[in-house]
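A quick write-up on the structure given underneath.
Taken together, the values in this text are just the output of simple stated rules run on the coordinates, not laboratory data. All figures in this text were calculated on a predicted structure; none of them were measured in a lab. Counting neighbours? That spans all protein chains shown, and the Cβs are built from the backbone with ideal geometry, glycine included.
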Amino acid sequence: MLTESEKEEIAEEVKRAGHARAACVDALRIVQRRRGWVCDEALREVAALVDMTPAELDSVATFYSLIYRKPVGRHVILLCDSVVCWVMGHETALEHLTRRLGITLGETTADGRFTILPTACLGACDRAPAMMVDEEIHGDLTPEKIDRILEQYR
Amino acid sequence: MVATLHIDGAAYSVKEGQNLLQACLSLGFNLPYFCWHPAMHSVGACRQCAVKQFKDEKDTRGKIIMSCMTPATEGMRISIEDPEARAFRAGVIEALMVNHPHDCPVCDEGGECHLQDMTVMTGHVCRRARVRKRTHRNQDMGPFVNHEMNRCIACYRCVRYYRELAGGRDLDVFGWHHHVYFGRQVDGPLESEFSGNLVEVCPTGVFTDKTLKGHYARKWDLQTAPSVCVHCSLGCNTIPGERYGELRRVRNRFNEEVNGYFLCDRGRYGYEYENSDLRLRHPLRLGAEGPRPIPSAEAVSYVAGLLRNGGRVLGIGSPRASLEGNFALRALVGAGRFFIGWPERERALVTTALRLLREGAIRTPCLREVREADAALALGEDVSNTAPMLAFALRQCAMQRKIKVAAAFGIAPWDSDAVRLVGQDEKSPIFIATPCGTRLDDIATRLWRAAPEEIARLGFAVAKALDPDAPEVPDLSDEAKSSARDIAAALREAERPVVVSGTGAGSPAVLEAAGAVAAALRRLGRNVQLSLVLPECNSAGAALLGGGSLAGALSEVRKGQVDTLIILENDLYRRLNAEAADALLAGVKHLMVLDHLANATTARAEVALPCATFAESEGTLVSQEGRAQRFFAVHPARGEVRESWRWLREIGMAAGQSEMAAWQTTDDLIQTLSQEPGLSGVKEAAPGREFRAAGQKIPRQPHRYSGRTAMGADVSVHEPPPPEDRDSPLAFSMEGYQGQPPAALVPRYWAPGWNSDHALNKFQGEVGGAVRGGPAGVRLIEPAADAPARYAAEIPPPFQPAEGQWLVVALHHVFGSEELSAHTPGVAQLAPRPYLGLSPEDAQRCGVGEGDPVELAVGSSVQQLPARIIPGLPRGLLGLPAGLAGVKVVELPAGGRVRSVTGGPP
Ligand code: SF4
Ligand code: SF4
Ligand code: FES
């Protein structure tokens, strides 16, 4: 069940967009901001608020890699796999993360601390290879640097 | 405008502005494609249709372009055979196949798969990719469509079709990258009544026919023939397929004037009744211990005996039986003693509709013309449930506005994404006034929900707003006046407006009102057309034949004028309430019934004769458009089963009616019936039995038909000669003319290299256009050019909900309301359970909740039903599902009373 405040915020967004459907991504983000991800039940409720069917909204939700349709860890690592990062050592970074955390792309650590997801371009090519943890970008990744970064997120 | 196009050095004339893919295919080139579809046009998504374009004669390098996205222009030079273009296309298909499971041997699409055909066409034969294939979980999508996602090549046709053409909102695409998933949000039956077209639209084996899966045979093992759908009055063209004496599936038969590329699910999946255990297979004679099988000869001579001994006989025909069957019965009993077998009200409705089309100056459109209309008014008829493909056509009509807006920007109508982008939310003006919500409401510019009388009054008011000479509607509310003005304004503006109505609301006034709107537009010199939905597949044919209603038959019986009653393909217990039907049948000494399935009427028959279905016989049906269309036997009838007219002829001959002896074949019968007024066109509906293509018959079995010598080996190891077809130019055999026959005789689509339905491209003059050698079917009704557009006299008074008195209206259901398809398991599964519909306000007033038992009394007929609360149903109206098993028959609309059974009286 969506909370009253979630519903209000979505209604605001719909009003601002002037067209219910146009608010669909924002509506999903409103839910995700509070819950960390978008569950099926919430998706169905949001769909009704933005005048879409669950299928239509889920089509949008699953297209955007930053809308999570499964629970994620407390911190989400988005590892860039675009061409520049790939050339500059994306694979080394991924291998290191995998070894360190015991999970690979699309997985969450058993303690619920981290989830690793791929992303295509963080706009940080000048600092490739790069990753983003929660809202923060980290560039020029080396195994040592990765270790230091991970320590910042509990 | 014609443009000269140079393809690989040779010059061709093509339509200027047409996309190159369509142009090349129309010229007969084999150019592979996936995302393009002749009814959905171009989006340029799959990159499969690449060709090389050269600037001029000197340009030798050229550039790769997508042929489906490029308009043909004068002097353009392209190459299909260019090595780079070929390599590009091979590369695309190799990439598309990376994740494909290569499971053709166990795939239902195998042997008629566009992906197979295109793969072979590009020459991709060897897999180089050494990667793990992605896999998906499949969904249960209900009784009609099977889902096997791993086979997907992500061409996006399915969702484009489902959303844009069918208007469905529960099938979508999920995910991204190479994980895109085409399906529903959760498992469950597809909601659109047009879901079955996915089976043909999907170029791979993702979506396949689930009913076929239940009794599978490959396309090349199916015996097929051109046929016509019997499940509503539109007469969509079909290709049913048979093996081992059983129907296995129904596919679309393209008729650009009728159904185009698509069918509704009732038409595609309704066929399984023909395999039902309820089929009558032997003549039955009712004795003290119930019915027992008797030899055909005994049945014939017994009935003939009844007729011969001066017995007074009466015939009741049927709007679901062919013209041939009805005509034969009429000939047997005599025109004065022949009744169509519909209640008086239905007769009046159908004849009103036909009169409007015949005597007025207004033309009735074919479905293509509805698709191309640019404004529509639907008055009283819930076409989404009574004539699904008409609803489908109206959805395309709604799109016309987008096409027009896009054209102003120089965007070609085939540039599908651009049209949608520029057209945004624009849609053609479509007005819908019905007693209850319909599944077309989403395309309506405006909606009205009202009692039939009010709908009729709205129609008359529109006529008045268009033409001051039209009759005044008394006591019209201001709101109705302004609505009428809005509708009138939009219709007046339109270039090709269409008015849609029908018999579904049970109100002649509604029909007259639709006629009045059309007449008013006509008087303004507008190019208006009037499409009227009728109750059944041959209602129009029955009305053209003439003959009274059941009321007339009953009065003959009451007068004691009937010894023997012969009923043709008609279950009277679906037309009359049980008491009236009992009374009619009890009044006759002898009852003979001919039908396919056992029903309440055959159960009462002293003699019941098993007659052939549409798939076992040849005959003619007249659609609501007045189009006479011939269906051909797909397979020979087995055992004692035979065409109704052949039974009737034998009885007639045995009774001494020697003129019936002349009917050796269907053609002979058609020859006779074509002499009837208004029916002279019937013989033109398809070539007759003498027709030969290059001296040969047209084979119903493909040239790869397998197991012919083995399939009967459990009975005899000797291969029997193929059954002879005396009636048509088609043969129950593999031998015969392998080329393209005339359109009305095309039994399947196949061409070298084209095993899927897309072989149709090779049958069309221009790809997407009419099949060569047409037309298939002939229009019997054209308005007289000089006929005056007249107005009907009576305008009904306003509807006033009265305390304690309700108006009961019929609510139609695409699944469940039609008699024959209801015997198909999948259709039965999707049909609603019996209910009585109430508006939320009325339900509250009566203290009735969803599902509570209520008692409905209409006249002397009383029945208990669970309540269903229907938002949008006007106050004072009750909705009773039409034709649904478990709901008592009442003639609607009618006044009625409702009582909550648990609580006190409302
Ligand atoms: S399911 Fe079929 S139609 Fe849909 S995208 Fe996949 S291959 Fe194309
Ligand atoms: S619209 Fe009518 S005629 Fe066409 S397929 Fe459906 S039921 Fe058959
Ligand atoms: S058919 Fe042209 S890009 Fe798909």
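Summary of values
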{"quantity": "Percent of beta bridges antiparallel (DSSP, the protein assembly as shown, rounded to nearest 5)", "calculated": "55"}
{"quantity": "Relative frequency of Cα-Cα separations exceeding 17 Å in segment B:516-576, percent", "calculated": "61"}
{"quantity": "Antiparallel bridge percentage (DSSP; both residues within segment B:347-534; nearest 5)", "calculated": "0"}
{"quantity": "Value in Å of the Kirkwood radius, where segment B:347-534 supplies the Cα pairs that are averaged", "calculated": "16.4"}
{"quantity": "Among beta bridges that DSSP assigns inside segment A:6-154, antiparallel share in %, nearest 5", "calculated": "55"}
{"quantity": "Shape call, segment B:806-900: gyration tensor on alpha carbons, a/c limit 1.5", "calculated": "prolate"}
{"quantity": "Mean Cβ neighbour count within 10 Å, used as a protection proxy, ranking B:46-57, B:100-111, B:346-357, B:611-622 highest first", "calculated": "B:611-622, B:346-357, B:46-57, B:100-111"}
{"quantity": "Ratio Rg/Rh, restricted to segment B:596-746 and using Cα atoms, in which Rh is the Kirkwood radius", "calculated": "1.00"}
{"quantity": "Enclosed volume per residue, in Å³, of the convex hull spanned by Cα atoms of segment A:113-154", "calculated": "72"}
{"quantity": "Exercise: per-residue mean of other protein chain Cβ atoms within 10 Å, A:57-69", "calculated": "3"}
{"quantity": "Dipole magnitude of the protein assembly as shown, debye to nearest 20 (Cβ charges: Lys/Arg +1, Asp/Glu -1, about Cα centre)", "calculated": "1160"}
{"quantity": "Cα gyration tensor category, rounded, prolate or oblate, for segment A:4-63 with a/c compared to 1.5", "calculated": "oblate"}
{"quantity": "Segment B:775-837 - Debye-derived log10 I(q)/I(0), Cα point model, q = 0.13, 0.22 Å⁻¹", "calculated": "-0.83, -0.93"}
{"quantity": "Convex hull projection area averaged over all views, segment B:32-186, Cα basis, nm²", "calculated": "11.1"}
{"quantity": "Calculated diffusion of segment B:590-663, Stokes-Einstein form, Kirkwood radius summed over Cα pairs, 37 °C and 0.692 mPa s, µm²/s", "calculated": "238"}
{"quantity": "Sum of side-chain charges, B:SER756 neighbourhood, beta-carbon under 10 Å (Lys, Arg +1; Asp, Glu -1)", "calculated": "-4"}
{"quantity": "P(r) tail fraction, the protein assembly as shown - alpha-carbon pairs more than 45 Å apart, %", "calculated": "40"}
{"quantity": "Helical mean residue ellipticity (222 nm; -39500 (n - 2.57) per DSSP H run of 4+; nearest 500) of chain A", "calculated": "-14000 deg cm²/dmol"}
{"quantity": "Convex hull of Cα atoms in segment B:716-849, direction-averaged projection (nm²)", "calculated": "19.3"}
{"quantity": "Quarter of the Cα convex hull surface for chain B, i.e. its orientation-mean projected area (nm²)", "calculated": "40.1"}
{"quantity": "If the convex hull is drawn through the Cα atoms of segment B:422-468, its volume per residue in Å³", "calculated": "69"}
{"quantity": "Kirkwood hydrodynamic radius of segment A:75-152, Cα pairs, Å", "calculated": "12.1"}
{"quantity": "Whichever lysines have a C-alpha closer than 30 Å to that of B:LYS52, once near sequence neighbours (fewer than 8 apart) are set aside", "calculated": "B:LYS15, B:LYS63, B:LYS762"}
{"quantity": "Convex hull volume per residue for segment A:1-103, taking Cα atoms only, in Å³", "calculated": "117"}
{"quantity": "Largest-first ellipsoid semi-axes for segment B:241-310, taking √(5λ) over the Cα gyration tensor eigenvalues, angstrom", "calculated": "39, 17, 11"}
{"quantity": "Lysines with Cα under 17 Å of B:LYS464, excluding same-chain neighbours fewer than 8 positions away", "calculated": "B:LYS481"}
{"quantity": "Theoretical ellipticity at 222 nm over chain B - DSSP helices of four or more residues, -39500 (n - 2.57) apiece, nearest 500", "calculated": "-7500 deg cm²/dmol"}
{"quantity": "Stokes-Einstein diffusion coefficient of segment B:2-97, Kirkwood radius over Cα pairs, 25 °C, 0.890 mPa s, in µm²/s", "calculated": "185"}
